Amino acid sequence: MSHRTFWVGDTIEGGGEDDRTPRYGAPAARMLRPIFWGVTAPWNLSPSAALGVWLMFAPAAFGTQGGVADSGALPARSSSLSP
């Protein structure tokens, strides 16, 4: 496979002109749909994101205060280079 095949295409035996893909410089409206061709997300992405958001709001939802509410927070990192 040559570099031309990767960047331009149409050098593979039996290959042909790609009429489906808009060329570089095409209007944004024509490029919107091809942007998402072949893009998928794993099934567990949505539940993981929902769990993460819920965990950020959990201290407020349960009314925890003080050290218990801050137990999941990372401590501020001090730098020895600070004046």
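What follows draws every value from the coordinates through simple rules; no lab data is involved. Because the structure is predicted, anything quoted here is derived from the model rather than measured. Note: ideal-geometry Cβ built from the backbone for every residue, glycine included; neighbour counts use all protein chains shown.
For the pair ALA26 and LEU45 in one chain, pulling the backbone fully straight at 0.36 nm per residue adds 3.6 nm over the alpha carbon distance. Approximating the spin labels as points 7 Å out from Cα along Cα→Cβ, the ALA58-to-TRP37 distance works out to 4.3 nm.
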